[in-house]
Amino acid sequence: MKKKLMSIFILLGIVAQFAVLSAVIIRREWTLRYGEVCRFETAPVDPFDAFRGQYVQLDYKVFTRGIVSDKKFNRNNWCYLTLATDTNGFSVVSAITDSKPTSGTFIRSRVSWCYEESIEKPKPDNKYHRENTGKWTVHLELPFSRYYMPEKTAPKAEDAYRHANQRNAGKENMAAARVRVWKGMVVIEDVEINGKPIRECIKDQKEIKP
Amino acid sequence: MNNVKYLMQELKSWISEGIVDAETANKIAARYAHAEMKSVAWSRIILGSIGALLVGLGVIALLAANWDDIPRAARATLSFMPLAACVAAYIMGVQKGWNSRSFFEPLGIFWGLSVGAGISLIAQTYHISGDPESFVLYWTLLLLPVIYATQAVVPLVGYYVGLLTWASMSQFSNGITVLYWPWAIAAMPALLAIRKDNPFSIRTGLTTWGAALCSTAAIGVTLEKTMPGLWMIIYSGAFATLLLAGITSESKENNIFQTPLRTIGGCGSAILLYLLIFKWPWDEIGWNHYHADIEYNHILAYFDYLLACVLPVLAAFMLIVANRKRPASAWKGLPIISLWTAWGIAPVVVASAYIVASSLISVFLASMIITIYLAGLGLCTLAEGLFRRTMLLVNAGILILIAIILGRFFCSDLSFTAKGIAFIVSGSLFFLVNSYVGRYLRKEETT
């Protein structure tokens, strides 16, 4: 009886191993198939942090300075970012909430840290005082900050990505991440430079203007 | 050659020399045949385990190379392959009745690595940015079926190391580290099953050492530390419980490796009490210095209070069990109480000193209470060692006494010359006593 129970327990454990890994795959496959396409303009990153192993560390202009909110979000809590599209066709955050939106395209992300904004105001004693504005800046742990590449092409991709993100790169060299968003889940589909997939760009290095 | 094989060979020569008759030899052979069947070929296990480790790491490296030419669906399927191969090997092994450790130990290693390889490849395929904290947690928790299926040493020790790693990382990001404990308990039945199989085997020693060391370290990691100094009571309770659990369950005839609970409990208690003879641990402790900052989770702090109550009570319970199991006739060194009782009441003494220091009576008095108690323990251990003729206890007793003298001396305002002389005298005394007692014991043995 004890042996039978142990066998059932082990069997359930093995099923759990496959189920957990399958669940991770299925949710992402569903996102890639049925998710909405969004494009996020990438931002420059510290060159020393740009590559850790065989992946490109992505940073996004829309998230670099944090998202401004009317309310405070606690560290490590989940939040939901409703997305909209700007005039250049890039995705931007239109709202940040702590409850799941009922409509629209949204991303689920964890709060990294949050602080209240303040401004300096002159007082009658002619001294400046800092005053809270009631607005909170929320920084996030983004679930789509790594783009894995094959080890041979990774160094070239790093160069291309870093070059496109140089602060004086100009409009002709723009990098963006194309992601699929489905029910809060985000999966990176590709990284684009000037609208072309990064893999094609590194095949033809001329695409990236010196 | 193992002991049983040696005995079997010797039996043949004993019969030929007429030391034992054939019937007695057969009885002896039958008596040890069972042990021979259960004996483990460690060379095969170690070589097999190294092989499994290398193959497993090779698979991870191959998958990590990120095969861009393979389609996404194929890579997702491929990530299951090592795992599926291990499950197939396990099922085949169970069906064919393979119960050798040289099969299950390497399988456990390879299976454990396959879980990690599967998670890594899926993360690579779908560009998952998951932090190292959740990666370690996923991998560790998915080791549970491997532990129960193979009862192998490496996955079981790896499970506790993984949990401790996760808890340490999680502490920095304000995570709920107390979850270490239910997850640690989840692997306990496997640990007990290994112990039940053979309490004195190398497997039991390695797994118990691994689990006990990780869990001891995890106490410090999982505490919320809102109440300064509470760790003293918690750690003294934990070490006393381990020591007394070792007294009741481990044989005193065994070596240090075979008595992990007693060794960790005893050494831990000695080190903790030694730290507490100084004044600095007693500064700014108790309610008057409560951490009310937002950085601390005040709900999780209840876990600290719970441990501070439960562990000393558990130690008291184990003390009763130990005294029932080992009757008063077994006491040697002390006339009133046994040595383990003297060590086992450490949580009560530490708690008393804590009350003295936290209620602002005197920090000096708190450190003095512990100094006197530890010095008493050193004397008792020395006496017990002399009565039992055990060099280990004699040395431990002397070491505690010398450490206290030097520690106190070092903190004083005396000159370096005086301190240097004190060190030399103490060291010489230690060697002299050691050599005298050793010679005395050897002489007694020969007579």
Inset, instruction - Springs between alpha-carbon atoms under 10 Å, Gaussian network over chain B: tell me which of B:Arg262, B:Arg31, B:Arg389 tops the mean-square fluctuations. - result: B:Arg31
Inset, instruction - With a Förster radius of 41 Å, plug the Cβ-Cβ distance of B:Lys325 and A:Lys71 into 1/(1 + (r/R0)^6) and report the FRET value to the nearest 0.05. - result: 0.10
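How big is the dipole moment of chain B about its Cα centre under a simple scheme where the beta carbon of each Lys and Arg is +1, that of each Asp and Glu is -1, and everything else is neutral? Debye, nearest 20, please. It would help to have the intermediate numbers written out before the result.
Values: 28 positive and 23 negative charges, 265 e Å.
The calculation lands at about 1280 debye.
Peptide B:144-153: average number of partner chain Cβ atoms within 10 Å per residue?
Mean shielding by partner chains, rounded to a whole number: 3.
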Inset, instruction - Give the long-range amide H neighbours of A:Thr42: residues separated by 5 or more places, or on another chain, with amide H under 5 Å away, using H modelled in the peptide plane at 1.01 Å from N. - result: A:Lys61, A:Ala175, A:Ala176, A:Ala177
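For a footprinting-style exposure proxy, rank B:Ile402, B:Ile46 by other Cβ within 10 Å, fewest first. Intermediate values should be presented prior to the final figure.
Values: B:Ile402 19, B:Ile46 13.
Exposure proxy ranking, most exposed first: B:Ile46, B:Ile402.
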Legend entry - Spin-label proximity, B:Ile361 to the stretch B:245-287 - amide N less than 16 Å from point 7 Å beyond Cα toward beta carbon: B:282-283, B:285-287
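For B:Trp139, A:Trp30, what ranking results if the residue with the fewest other Cβ atoms within 10 Å of its Cβ goes first?
Numbers: B:Trp139 22, A:Trp30 15.
The most exposed by this proxy come first: A:Trp30, B:Trp139.
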Inset, instruction - Holding the Cα-Cα limit at 30 Å, pick out from A:Lys72/A:Lys123; A:Lys3/B:Lys5; B:Lys279/B:Lys419; A:Lys100/A:Lys135; A:Lys72/B:Lys225; A:Lys72/A:Lys196 the pairs that are longer than that. - result: A:Lys3/B:Lys5; A:Lys72/A:Lys196
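Provide the FRET efficiency to the nearest 0.05 for the B:Ser251-B:Ile271 pair, computing r from the beta carbons and using R0 = 35 Å.
0.90
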Inset, instruction - With label points built 7 Å along Cα→Cβ from the Cα atoms of B:Tyr305 and A:Thr64, find their separation and express it in nm. - result: 4.8
Inset, instruction - Enumerate the amide H contacts of A:Val56 below 5 Å, restricted to partners 5 or more residues apart or on another chain; note that Pro and chain-start residues carry no placed amide H. - result: A:Tyr147, A:Tyr148, A:Met149
Inset, instruction - Determine the shape class of chain B: with a ≥ b ≥ c the square roots of the Cα gyration tensor eigenvalues, call it rounded for a/c under 1.5, and otherwise prolate if a/b is greater than b/c, oblate otherwise. - result: oblate
Inset, instruction - Within a 10 angstrom radius of each residue's Cβ in B:70-80, how many Cβ atoms of other chains show up on average? Whole number is fine. - result: 2
Legend entry - For the protein assembly as shown, with +1 on Lys and Arg beta carbons and -1 on Asp and Glu, the positive-most of B:Leu242, A:Thr105, A:Ile193 along the dipole: B:Leu242
Inset, instruction - Determine, for B:Trp209, B:Trp231, the number of other Cβ atoms within 10 Å of each Cβ, and report the residues in order from fewest to most. - result: B:Trp209, B:Trp231
Legend entry - Nearest-0.05 FRET efficiency for A:Lys183 and A:Leu12, computed from C-beta distance (R0 25 Å): 0.35
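Report the charge-dipole magnitude of the protein assembly as shown in Debye, nearest 20, computed about the Cα centre from +1 at each Lys and Arg Cβ and -1 at each Asp and Glu Cβ. Could you put the intermediate results ahead of the total?
On the way: 63 positive and 48 negative charges, 247 e Å.
The calculated dipole for the protein assembly as shown is roughly 1180 debye.
Express in nm, to one decimal, how much length is gained between B:Thr390 and B:Trp98 on full extension, taking 0.36 nm for each residue of separation and deducting their alpha carbon distance. Could the numbers behind the result be given before it?
On the way: separation 292, 0.36 × 292 = 105.12 nm, distance 4.35 nm.
Going from the current span to full extension adds 100.8 nm.
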Inset, instruction - Note down the nm distance, to one decimal, between modelled labels 7 Å out along Cα→Cβ at B:Ala217 and at B:Trp280. - result: 2.2
Inset, instruction - Specify which residue in the list A:Ile119, B:Thr207, B:Trp231 is farthest towards the positive end of the charge dipole of the protein assembly as shown, using unit charges on the beta carbon of Lys, Arg (+1) and Asp, Glu (-1), about the Cα centre. - result: B:Thr207
Legend entry - Helical mean residue ellipticity (222 nm; -39500 (n - 2.57) per DSSP H run of 4+; nearest 500) of the protein assembly as shown: -19500 deg cm²/dmol
Inset, instruction - Would you be so kind as to identify which of B:Val115, B:Pro132, B:Leu191 lies farthest towards the positive end of the dipole of the stretch B:115-236, taking Lys and Arg as +1 and Asp and Glu as -1 on Cβ and the Cα centre as origin? - result: B:Leu191
Inset, instruction - Could you please state, rounded to a whole Å, how far the C-alpha centre of the stretch A:52-91 is from the C-alpha centre of the stretch B:392-447? - result: 64
Legend entry - the protein assembly as shown shape via C-alpha gyration tensor axes, a/c threshold 1.5: oblate
Inset, instruction - Please give the contour-minus-distance gain from B:Lys5 to B:Asn288: 0.36 nm per residue of separation, less the Cα-Cα distance, rounded to one decimal in nm. - result: 95.2 nm
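Every number in this text was worked out from the coordinates using simple rules, so none of it is lab data. These figures come from a predicted structure and were not determined experimentally. Heads up, the Cβs are rebuilt from the backbone with ideal geometry, glycines too, and the neighbour counts pull from every protein chain shown.
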